[in-house]
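Each remark here refers to the structure printed beneath this line.
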Amino acid sequence: MDRIRIVGGQKLNGTIPISGAKNATLPLMIASLLTEDRLVLENVPRLADVIQLQRILGNHGVDVMIAGKRAGDEPNIGRTIELSAKHIVDTTAPYELVSTMRASFWVIAPLVARMGEAKVSMPGGCTIGTRPVDLLIMALEKLGAQIEIEGGYVIARAKNGLRGGDINFPKVTVGGTHTALMAAVLAKGTTVIENAAREPEITDVADCLTKMGAKITGAGTSRIVVEGVAGLNGARHSVLPDRIETGTYAMAVAMTGGDVLLQHARPELLQAALDVIAQAGATVTPTNEGIRISRNGSGLKPVDVATAPFPGFPTDLQAQLMALMTRAEGTSHITETIFENRFMHVQELARLGAQIQLNGDTATIEGVKRLKGAPVMATDLRASVSLVIAALAAEGETTVNRVYHLDRGFERLEQKLAACGAMIERISG
Ligand code: UD1
């Protein structure tokens, strides 16, 4: 298994190109199941989760074509992929394929909407607390699907097609909103989704579905209205920049000091996180090319933050912020309100010398003067990258094990950081 070796203490200076968002790419690829025509996606990141989803879609009969690399192509520019679901040959998504990635469960919506049936294994993915699918099932039921749960599989049936309905989520759920949206676009009649997730990736998917001929209003607000249509056509869509990757590198620069342009990043996608980074003492400057982050000299200030659905501070940046606060001059508090148990990074950060107390869903972090390198590992994507951030500022050498978690969500992480002066390398095997 690959490891990443980091020798801390270097400032970061230069440019980091921000990739297309993983959390938009996955549902966009899944949306290809809704049409017989070709869906072309640009700015797709090179990630293990994308490859895994290609396998899952391939099993349903989707042809996935990836434009080959040509001489002179920039490695920093995302790939273009073409997906064609002309013939769906199988409406079952088996355990072996779905168990490694939770978002793959979302194929259930387009499959039942277009084919009238779907059988999808209960999902797996990051081990961050219980992550049920009851609200996704509720949304499908509201649109007329009959649901059975059998042998670890969810079976959804709508022999005469789905019909519009009112879905009121008791809790904001990104996956639930994607599911409701993808089911509603082909349902007969009007669907109203209340308390919808407002994450930018929902808006990006809704934009793409609209290009495909769907009738959607209100995406990006908590009330989305969908007029079902009889069929959808192909489209070409460019994936929006990854706000979690942006926030992660912004915190890395805040941690080490230096001056980095996060190219292609869009501030409005992560304003809450940028505000916290500024409060911690870094300078955040939006530019025409992206966002510049710099910090020189002065120490880090502590912050009090609670995670919340968009536009609040994202849970997917909670671990990275905690890494940053391990070096603040004072006491910080971070409350996790989205996922119970999303604190696996606490123990590992402690191996580097961090002082963190957990009390229920709140972590109290006493900033320390120095962190010291150590072997660490994590079982979740965002937790792994928090260890990288801490290691960049730790004295001596840190090895981060189980790098496959990072490869799921961060494209060319070590190259991007090394290009800005970090001492970081991948050790294969
Ligand atoms: C998505 C993101 C993930 C992010 C999360 C929250 C993708 C691929 N993943 O995950 O990176 O951390 O949003 O921003 O986009 N819940 C239920 N029942 C359900 C569904 C969810 O109780 O049926 C709960 C969850 O346990 C959690 C909360 O709702 O407490 C939010 O989860 P949700 O927004 O659905 O997360 P995901 O879509 O899985």
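The GluC sites (Glu not before Pro) found in region 176-264 include none that occupy coil by DSSP while having at most 10 further C-beta atoms within 10 Å. For Lys301, which aspartates and glutamates qualify as cross-link partners when the Cα separation must be under 19 Å and same-chain residues fewer than eight apart are set aside? Once the sequence-local aspartates and glutamates are set aside, what remains near Lys301 is Asp259, Asp275, Glu329, Glu366.
Computed log10 I(q)/I(0) for the chain at 0.09, 0.10, 0.13 Å⁻¹: -0.55, -0.68, -1.11, from the Debye equation with unit scatterers placed on every C-alpha and solvent omitted.
The angle between the Cα long axis of helix 22-31 and the longest principal axis of the Cα atoms of the chain comes to about 10 degrees, rounded to the nearest 10.
Both radii come from the Cα set of region 341-429: Rg as radius of gyration, Rh as Kirkwood radius; their ratio Rg/Rh reads 0.97. With only alpha-carbon pairs counted, each pair once and no self-pairs, how large is the Kirkwood hydrodynamic radius of region 22-238 in angstroms? It works out to 17.0 Å. Relative to the dominant Cα principal axis of the chain, helix 48-60 is inclined by about 10°.
Just to be sure I understand: of the beta bridges DSSP finds with both ends in the chain, what percent are antiparallel, rounded to 5?
70
From largest to smallest, the equivalent ellipsoid semi-axes obtained for region 246-321 from the alpha-carbon gyration tensor read 18, 16, 9 Å. A 20 angstrom limit on the alpha carbon distance is what I want to check against. Which of Lys119/Lys188; Lys159/Lys188; Lys142/Lys188; Lys86/Lys188; Lys171/Lys211; Lys22/Lys372 exceed it? Checking Cα-Cα distances, Lys119/Lys188; Lys86/Lys188; Lys171/Lys211; Lys22/Lys372 exceed 20 Å. The H on the amide N of Met423, modeled in the peptide plane, is under 5 Å from the matching H of Val7, Gln10, each at least 5 residues off or on a different chain. About its Cα centre, the dipole of region 119-218 is roughly 300 debye, where the only charges are +1 on Lys and Arg Cβ and -1 on Asp and Glu Cβ. Ranking Ile81, Leu140, Val107 by how far each Cα lies toward the positive end of the dipole of region 22-238 (charges on Cβ) leaves Ile81 at the top.
The C-alpha atoms of the chain define a longest principal axis, and helix 174-184 lies at about 20 degrees to it.
Amide hydrogen proximity for Gly290: with H placed 1.01 Å from N in the peptide plane, the residues at 5 or more positions away or on another chain lying under 5 Å are His264. A dipole drawn for the chain from +1 and -1 charges on Cβ atoms has a positive end, and of Ile155, Ser121, Thr283 the residue lying farthest that way is Thr283. Summing Cβ point charges (Lys, Arg +1; Asp, Glu -1) relative to the Cα centre of the chain gives a dipole of roughly 340 debye.
Couplings for region 291-298, taken from phi via the Karplus curve 6.51 cos²θ - 1.76 cosθ + 1.60 with θ = phi - 60°, read 10, 9, 10, 9, 8, 10, x, 4 Hz in order; Gly and Pro are left as x. Amide H to amide H distances under 5 Å link Asn168 with Glu194, where only residues 5 or more positions off or on other chains count and H is placed in the peptide plane.
Note on region 22-238: dipole from Cβ charges, positive end direction compared against Ile51, Met65, Val226; the farthest Cα belongs to Val226. Taking packing as the residue-averaged number of other Cβ atoms within 10 angstrom, the listed peptides 101-111, 375-385 run from highest to lowest as 101-111, 375-385. Rounded to whole numbers, the Karplus 3J(HN,Hα) couplings from phi for region 348-355 are 6, 4, 4, 5, 8, x, 5, 10 Hz, using 6.51 cos²θ - 1.76 cosθ + 1.60 with θ = phi - 60°, and x at Gly and Pro. Under the Karplus relation 6.51 cos²θ - 1.76 cosθ + 1.60, θ = phi - 60°, what is the ordered set of whole-Hz ³J(HN,Hα) values for region 233-242, x standing for Gly and Pro? So the Karplus estimates, Gly and Pro as x, are 10, x, 6, 10, 8, 9, 5, 5, x, 7 Hz.
Under a model in which nothing but the beta-carbon of Lys, Arg (+1) and Asp, Glu (-1) is charged, region 323-429 shows a dipole of about 200 debye around its Cα centre.
Only the coordinates and a few stated rules stand behind these numbers; no lab work does. Quick caveat, the model's predicted, so the values are computed rather than measured. Neighbour counts run over all protein chains shown; Cβ positions are idealised from the backbone, glycine included.
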